[in-house]
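The structure appears right after this line, and notes come after that.
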Amino acid sequence: MPKKIQTVRGMTDILPRQQVFFERVFQAFRVTARAFGFEQIETPLVEEAGLFARAIGEGSDIVTKQMFAVSRLADSPRQARTKGTDDEKGELVLRPEATASVVRAYIEHGMHTWPQPVKLSYIGPMFRYERPQAGRYRQFWQAGVEIIGEGDASIDALTMLVGWQTLEKLGLGEQLVISVNSVGDKACRPRIRKQLAAHFEKHADALCEDCQERLKTNPLRILDCKQDSCRKIAESAPELIDLLCEDCRAHFRMTLEYLDELGLPYELSQRLVRGLDYYTRTVFEIGALNDEARQSSLLGGGRYDTLIEEYGGRPTPASGFAIGVERVVELIKTKKMPSVQPLTPQVFLIQLSEGARKAALRVARTLTKNDIQVSSGMTKGSLKAQLRSADRSKAPISLIIGQREAFDATAIVREMDDGSQETVAQSAILETIRKRLSQK
Ligand SMILES: [Zn+2]
Ligand SMILES: [Zn+2]
């Protein structure tokens, strides 16, 4: 028996029935992003590992444990010959997120010369080597935006608004809330780290293994730990808001004022830090109301004012978010929404001989080229069997080409509702079908 071939662990197929929900999320996102003036960007799935190590943080889970290295099979004899050329240097990985890639593109293509801020949106698969669990895959989809080149608090609110409106369009508005926090900037971050480290050091023994490590690399991240013991210690930690410098506090206050102005529901979330090192000032998530543990965050993002500089660009403030598409799909599946109609063809093609199949293919080409949706089994089934398929397809019109019609270069046009038939020349089919469809 040959070995059974199946998807790799943690990966999944998105079948047509699921695709409908994904498409709905993509569509809501595209329409909203376009309305706000975002232009699309697509970056490669493969990037240098260093890109993410620098952005997300050397010590972060994503960088230390969750990256998929892309093997170039350098050890195989065929590849060995090219070893050492430029493109063989540096480790390659599948992207775990897209912000770092978009920032790389911003610098690489000199987008600082474009009108600022540059507003970009993307949709695509990301990859993280995590323990697979229900609804969580190692390849997952994100839809996100980045606004690069403006630091004003109104942009933070605008970023949240775009995310909010996308979810609202999907009918989720009423059950969601924005969690928002500020994690400080270059000026106050050192003090924040020091104060938090001092607090957590007192309880170091009770911290989980990961947080012991975080204590050294980034004590802020302990605030976000889901372990009970760590959460308890985090509860008594000094509040970030109290540790912010004057500028950061003013920026945060303005951000909240804009949210008030927009009437968006939000809650201050002291423990929200997000697991990526590049965030400065505003961080936010949108998730279900009354979800204390924030297990079902649908969207997350924030400001990253130092990232472009860290990559060698000029100091450029920026802000963005990414939607976890699978999570949104899970949620909208549970909602009563108008069911999506399966694809209904306008014309069903029936053919009854080999010569007729050739004619039918020609007719299909003519019709589809003119945007008429055609379905056909192209089977060797009997007329009766093919008529049954035509009925099931719900196409209003079927075209029947038998041996005789193939020979005469004609076809029988059949109205499926009353069974009336008319023979027309194949050269006149497009015109006939168009006329009949327009009368439906
Ligand atoms: Zn922990
Ligand atoms: Zn500050």
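Residues checked against (1) in a loop (DSSP other than H, G, I, E, B); (2) more than 16 Å from ligand 1 (Cβ to nearest atom):
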site: Gln165; (1), (2): no, yes
site: Ala187; (1), (2): yes, yes
site: Gln195; (1), (2): no, yes
site: Ile222; (1), (2): no, no
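Determine the pairs where a residue that is more than 20 Å from Arg362 (Cα to Cα), located within region 376-397, has a partner that is surrounded by 15 or more Cβ atoms within 10 Å (Cβ to Cβ) and aromatic (Phe, Trp, Tyr) with Cβ atoms under 6 Å apart, the partner being 6 or more residues away or on another chain. Hits for this filter: Ser393/Phe348.
Looking only at residues in region 224-241 that are more than 16 Å from ligand 2 (Cβ to nearest atom) and part of a loop (DSSP other than H, G, I, E, B), which one is farthest from Cys188 (Cα to Cα)? By that ranking, first place goes to Gln227.
Return a yes/no flag: does region 354-364 have any residue that is part of a strand (DSSP E or B) and at negative phi.
Restricting attention to region 354-364, the residues satisfying the condition of being part of a strand (DSSP E or B) are none.
Scanning region 354-364 turns up no residue that is part of a strand (DSSP E or B) and at negative phi.
Within region 397-413, the set of residues being closer than 18 Å to Gln346 by Cβ and surrounded by 20 or more Cβ atoms within 10 Å (Cβ to Cβ) comprises Ile397, Ser398, Leu399, Ile400, Ile401, Ala411, Val413.
Exactly one residue out of Leu276, Leu299, Leu331, Leu272 is modelled with pLDDT under 95, buried (at least 19 other Cβ atoms within 10 Å of the Cβ), closer than 30 Å to Pro115 by Cβ and hydrophobic (A, V, I, L, M, F, W, C): that is Leu276.
Among the residues of region 415-428, write down those that are more than 19 Å from Gly355 (Cβ to Cβ) and either touching a Phe, Trp or Tyr at 6+ places or on another chain (Cβ under 9 Å) or of a type outside the set (D, E, K, R) (or both). Lay out the reasoning, then the answer.
Residues of region 415-428 more than 19 Å from Gly355 (Cβ to Cβ): 415-422, 428.
The answer is Met416, Gly419, Ser420, Gln421, Ala428.
Residues in region 242-267 that are surrounded by fewer than 15 Cβ atoms within 10 Å (Cβ to Cβ) and within 12 Å of ligand 2 (Cβ to nearest atom): Glu246, Asp247, Ala250. Among the criteria (1) modelled with pLDDT under 95; (2) in a loop (DSSP other than H, G, I, E, B), the one Thr316 does not fulfil is (1).
Condition check ((1) more than 25 Å from the chain's Cα centre (by Cα); (2) within 16 Å of ligand 2 (Cβ to nearest atom); (3) in contact (Cβ under 8 Å) with a residue 12 or more places away in the chain) across all residues:
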| site | (1), (2), (3) |
| --- | --- |
| Arg136 | no, no, yes |
| Gln139 | no, no, yes |
| Val145 | no, no, yes |
| Met160 | no, no, yes |
| Gln165 | no, no, yes |
| Glu174 | no, no, no |
| Lys194 | yes, yes, no |
| Glu213 | yes, no, yes |
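Considering Ser297, Ser229, the condition of being among the polar types (S, T, N, Q), away from ligand 1 (no atom under 16 Å from the Cβ) and farther than 21 Å from Gly57 by Cα is satisfied by Ser297 alone.
The values are calculated or read from the model by the stated rules, or taken from the named source; none is laboratory data. Note that the structure is a prediction, hence the values are computed from the model and not measured. All Cβ positions, even for glycine, are placed from backbone atoms using ideal geometry, and neighbour counts span all protein chains on display.
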